[in-house]
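First the structure, in the form of structure tokens, and then the observations on it.
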Protein chains: 2
Amino acid sequence: MPGDIEISQAATLEPIQQIAARVGIGAEGLEPYGRHIAKLSREGLARLADRPAGRLILVTAINPTAAGEGKTTTTIGLGDALNRIGRKTVVALREPSLGPVFGRKGGATGGGYAQVAPMDRINLHFTGDFHAISAAHNLLAAMVDNAIYWGNDRGLEARRVTWRRAVDMNDRALRQVAIGLGGTNGAVRETGFDITVASEVMAVLCLAEGPDDLAARLARIVVGRTREGVAVTAGDLEAAGAMAALLSEAVLPNLVQTLGGTPTLVHGGPFANIAHGCNSVTATRAALALGEFAVTEAGFGADLGAEKFLNIKCRSSGLAPSAAVIVATVRALKLQGGVAKDALGSEDVAAVRAGFVNLARHIENLHGFGLPVVVAINAFFSDTAEEQAAIVELCAAHGVEAHICTHWADGGAGAEGLAHAVAALADANADPGGALKLTYADDLPLEQKIRTVAQTLYRASDIALSAAAKKDLARFEAEGHGHLPVCMAKTPYSFTADEKVSGAPQGFILPLDSVRLSAGAGFVVALCGAVNTMPGLPRVPSAERIGLGPDGRITGLD
Amino acid sequence: MPGDIEISQAATLEPIQQIAARVGIGAEGLEPYGRHIAKLSREGLARLADRPAGRLILVTAINPTAAGEGKTTTTIGLGDALNRIGRKTVVALREPSLGPVFGRKGGATGGGYAQVAPMDRINLHFTGDFHAISAAHNLLAAMVDNAIYWGNDRGLEARRVTWRRAVDMNDRALRQVAIGLGGTNGAVRETGFDITVASEVMAVLCLAEGPDDLAARLARIVVGRTREGVAVTAGDLEAAGAMAALLSEAVLPNLVQTLGGTPTLVHGGPFANIAHGCNSVTATRAALALGEFAVTEAGFGADLGAEKFLNIKCRSSGLAPSAAVIVATVRALKLQGGVAKDALGSEDVAAVRAGFVNLARHIENLHGFGLPVVVAINAFFSDTAEEQAAIVELCAAHGVEAHICTHWADGGAGAEGLAHAVAALADANADPGGALKLTYADDLPLEQKIRTVAQTLYRASDIALSAAAKKDLARFEAEGHGHLPVCMAKTPYSFTADEKVSGAPQGFILPLDSVRLSAGAGFVVALCGAVNTMPGLPRVPSAERIGLGPDGRITGLD
């Protein structure tokens, strides 16, 4: 099969106005960015408020493995398939970050014949949203150091600044830096850069409900503390207005198309560890207003991604999915079942059956949230019919349908079975808002919220809080942040905090090293182990293969 | 009069397609970015190659002062006025940088009724060109440190890296930083961040003639040296292709309109000190293909801006202006004549006459380049008729027309006299390419090029090279860069290197502290004194006044 960029560049795309017209958006509802990309205009977005909302479908996955599960391709393939079976559907995805494009991971626009297009533009700059977020983040950082330089009246201490800088690049050397050197450039202090997807501004943009809420959330961002420990915010530094101005276009969802012609909103992309890992509330709402179905995805596996989609995004917005899809692959279940990575090529039905415990745990958890579930088996060429059949059989034993999907090779036609199952489940869920059971109530103490997630969803026996984390949680509650949800930051590869523990472990102690307040985004981050918020480049980065042809075409993207 | 942003937001703009149609660009020639901004498409740009070129008008100025000269407003006003008198004209300007918008200086889209619009979008992000340049710059930086981290086979020495990082923000604390801290993040070394307009990538983009030349120039960028002193380039690190890919849209000129409806290409914006300070060659060529006249501006005063426009941009591209406009103001000439800044409000004809020596020197210099010259007196409310008349009279004595221009208050109608004079001069210049006399030949040694500029244009008696500069120039010549033009970096406020020396000094020694090779851009920078390539924010930055209204409108920009 040709590479992703060749498939994308060879596709005949429809003018974006035509894609928009299919869901009832006229010219006044669009701000075109080239011929195949548009933002929904502010007016267009305002008009959607009156439309009835469709049904929300959440695509999530088992614990990710090195083999790759294909959550984004399945989201796209399912959207195309729903449209093929006559159910008007809009897909809502996260925007790719530039960093991984030049590193190892490549783009984030799906693959094969389940892609959003134009993949080169979407993967490189797109409509500039992430650059706007970096600029807003770094303006606040510049205003923090400027306040210290001129002697600020808020009492912000140079040594107690927690706000770092952001760049949308994999740049290991910027993880930890000393700034203000040179003698006359202000206070010398240690800080660092995070990749833009890890910026709290990204999470704010994705959770904000309109310009006023955006400015209010930005103003609540804590940048550091005074000597006495009093929080200093972006609002205290008068930075929130200018940050909001920098985000004035970035808050508008981007409309593109899948290779199957499905209207797709690609908007926002917060990290799935120290943030909640979903596209923007604005885009999800717009997709619901535009389609009978809106299909969206959450980051990582269901233990982290779906949990935060529900306990953070749905809690703050009032959204509720009508059904969930769990993506699994034969290869990943074999890895969960203990097969070595270099032995994945040989048939091993026993390993698939052994690894199924991981999928079963995620099914149980999502059922616990009150969600109807269907499993998508994302087919690979190396799968055998017996391996796939084992998954279908084990799912049936758990009362769940599993569908073999070939959207990567066949586009939407390869996911029609899944689409029928999803539509049936969603149609039968008369009151998804009423059925949804969040894991904890707002008024539970922060420590107890973390414990409840760990015990209910991870099956830990308890959590082990560090002294520092305990102290910080108490402080956050004293400062009035006790009502916030918690954002779990742990390895995505295991239910535990140890990435090597696969399957469905239970009865372990989850260590909780530290906590961080994201008062603007509106959650308290609970860190189980170190989280790297600035990736590095590999020895031979993808960047070395990427180029610009004499005809202006990008080459070497994957 | 209302503020600039109020005037801009109250204006009824034409759809950008209509503006484009006026100069013969159809839908296929445009990539719209919203309704009032578009990029010329690659196809559209290719088609322009066959059109006959119009006449180029260069707008420059006397040495700038704190009073402001209004070079951009005059460029816009002249463009509007030429269209009003029936001469089809396209304006070509530089793009604004985000840094000054949030600092002290404000936007860079003209002012009053001589503005390009929409000013809020153009001043904030625009079409993302500067973000793309920052990304390309920082990708190279990440690849530099990554090569060192993994042990590169080019022998690049951590201590000899000269490539810094870039951000489009005024951020004093990033001027000098230590990176790679933390023990496992690579080589700890000192470096810093420049504002994006100071990036060599910006200068490369502005001088490149198409995708192949762009990639070739990027590949020539020197990032550091080996222990033995051998230059290591972006090409050696295999970074140039990915950098070019990041710039694939940024190389396309942006089309907007003036408030008078004049099609305007706003594209690129390199620093006028350590770079050449003009919009892109691509945009200037496009403007010439689209209009009977193309009006463009150069940075700072004529000693730096026009000199580099001619000796760098025109030399490499073969462009040649048909006429030059020197912008002067009563207030600035008074300052040149020794009046204190707080006394500018009172009439002082004698000071205007005394300050005229500065304008006279610039007239002589431009005549020396073989350019017909006209002076634009950019009127201020505080000017008196006698003061303005003195300038007209003194210009006449130098054989040059001077026109009082009120475009700031009146739009293009206020610059019609200037427009008639400019058109007459340009019409009479039958062979501008033949008439143009560059200051030095390509084959003159680098040191001699610098001396020739200093003696011919600044009227220095000689230059005083530091030992380091002498050694570096010899090395650049030994490495085969002796044919490059020189890019003078000195204070814009004086013909000398001392910003306090106003008027028309002569017979001084110009100190030359250091030189830098910009092998990608294609010039050798000669630094007379320290140049700050990362501005700081003032005690009360403009950012504190900027905001986003509930209707999505930006407020507080000026």
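The values are calculated or read from the model by the stated rules, or taken from the named source; none is laboratory data. None of the values given here were measured: they were computed from a predicted structure. Methodologically, a virtual Cβ is constructed for each residue, glycine included, from the backbone with ideal geometry; neighbour enumeration extends over all protein chains shown.
Of the residues making up segment A:26-38, at least one is assigned by TED's automatic domain parsing to the domain that holds A:Ala430, assigned to a helix (DSSP H, G or I) and surrounded by fewer than 18 Cβ atoms within 10 Å (Cβ to Cβ).
A:Asp153 meets the conditions (1) at the interface with another protein chain (Cβ under 7 Å from one of its Cβ atoms); (2) part of a loop (DSSP other than H, G, I, E, B) in every case but one. The failed one is (1). In the condition set (1) buried (at least 23 other Cβ atoms within 10 Å of the Cβ); (2) in contact with a strand residue (DSSP E or B) (Cβ under 8 Å, 6 or more places away or on another chain); (3) of a type outside the set (Lys, Arg), A:Phe495 is compliant with all but (2). You will find that of B:Ala421, B:Ala428, the residue that is among the small types (Gly, Ala, Ser) and surrounded by fewer than 19 Cβ atoms within 10 Å (Cβ to Cβ) is B:Ala428 and no other. So, in segment A:523-557, how many residues would count as being outside any loop (DSSP other than H, G, I, E, B) and either assigned by TED's automatic domain parsing to the domain that holds A:Val486 or under 30 Å from A:Asp498 (Cβ atoms) (or both)? Here the count works out to 6.
Being within 14 Å of chain A (Cβ to nearest Cβ), crowded, with 21+ Cβ neighbours inside 10 Å and small (Gly, Ala, Ser): is that true of B:Ala178 here? When the stated conditions are applied, B:Ala178 does not pass them. Restricting segment A:219-237 to residues that are part of a strand (DSSP E or B) and small (Gly, Ala, Ser), which is farthest from the other protein chains (Cβ to nearest Cβ)? Restricting to residues being part of a strand (DSSP E or B) and small (Gly, Ala, Ser), the top hit is A:Ala231. For segment B:245-258, a tally of residues being under 22 Å from the mean Cα position of the chain (by Cα) and either away from chain A (no Cβ under 13 Å) or small (Gly, Ala, Ser) (or both) returns 7. Candidates A:Asn138, A:Asn146, A:Asn123: the one that is within 19 Å of A:Cys206 (Cα to Cα), crowded, with 24+ Cβ neighbours inside 10 Å and not assigned by TED's automatic domain parsing to the domain that holds A:Thr258 is A:Asn138. Among the residues of this structure, B:Ala198 counts as one that is more than 8 Å from every other protein chain (Cβ to nearest Cβ), out of contact with any helix residue (DSSP H, G or I) (no Cβ under 9 Å at 6 or more places or on another chain), crowded, with 21+ Cβ neighbours inside 10 Å and hydrophobic (A, V, I, L, M, F, W, C).
With B:Val400, B:Val392 as the choices, which residue is in a loop (DSSP other than H, G, I, E, B) and free of Cβ contacts under 8 Å to residues at least 40 places away in the same chain?
B:Val400
Only residues that are in a loop (DSSP other than H, G, I, E, B) and out of contact with any Asp or Glu (no Cβ under 9 Å at 6 or more places or on another chain) were counted in segment B:287-319, giving 6. For segment A:361-381, filtering for residues that are outside any strand (DSSP E or B), within 15 Å of A:Arg331 (Cβ to Cβ) and in contact with a Ser or Thr (Cβ under 9 Å, 6 or more places away or on another chain) leaves 2. Out of all the residues in segment B:238-247, is one or more farther than 27 Å from A:Leu548 by Cβ, in a loop (DSSP other than H, G, I, E, B) and among the acidic types (Asp, Glu)? Checked segment B:238-247: no residue is farther than 27 Å from A:Leu548 by Cβ, in a loop (DSSP other than H, G, I, E, B) and among the acidic types (Asp, Glu). Candidates in segment B:443-458 are the residues that are in contact with a helix residue (DSSP H, G or I) (Cβ under 8 Å, 6 or more places away or on another chain) and not hydroxyl-bearing (Ser, Thr, Tyr); of these, the one that is surrounded by the fewest Cβ atoms within 10 Å (Cβ to Cβ) is B:Pro445. For B:Thr284, the test of being within 27 Å of B:Ser134 (Cβ to Cβ), assigned to a strand (DSSP E or B) and either more than 21 Å from the chain's Cα centre (by Cα) or in the same structural domain as B:Val422 (by TED's automatic domain parsing) (or both) is failed.
Given the options B:Arg94, B:Arg121, B:Arg172, B:Arg164, name the one that is among the charged types (D, E, K, R), within 7 Å of chain A (Cβ to nearest Cβ) and closer than 30 Å to A:Glu238 by Cβ.
On the way: B:Arg94 fails: within 7 Å of chain A (Cβ to nearest Cβ); B:Arg121 fails: within 7 Å of chain A (Cβ to nearest Cβ); B:Arg164 fails: within 7 Å of chain A (Cβ to nearest Cβ).
When all the criteria are applied, what remains is B:Arg172.
Restricted to segment A:259-278, and to residues that are in a strand (DSSP E or B) and touching a Leu at 6+ places or on another chain (Cβ under 7 Å), which residue is nearest to the other protein chains (Cβ to nearest Cβ)? Write out each step before concluding.
Step one: list which residues in segment A:259-278 are in a strand (DSSP E or B), which gives A:263-266, A:278.
After this cut, where a residue has to be touching a Leu at 6+ places or on another chain (Cβ under 7 Å) as well, the list is A:263-266.
Values: A:Pro263: 19, A:Thr264: 20, A:Leu265: 18, A:Val266: 16 Å.
Among those that are in a strand (DSSP E or B) and touching a Leu at 6+ places or on another chain (Cβ under 7 Å), it is A:Val266.
Selection within segment A:186-209: residues that are in contact (Cβ under 8 Å) with a residue 12 or more places away in the chain and part of a loop (DSSP other than H, G, I, E, B). The member of this set that is nearest to B:Asn138 (Cα to Cα) is A:Gly192.
With respect to B:Gln17, is the statement that it is at pLDDT 95 or above, assigned to a helix (DSSP H, G or I) and over 25 Å from the mean Cα position of the chain (by Cα) true? Yes: the conditions hold for B:Gln17.
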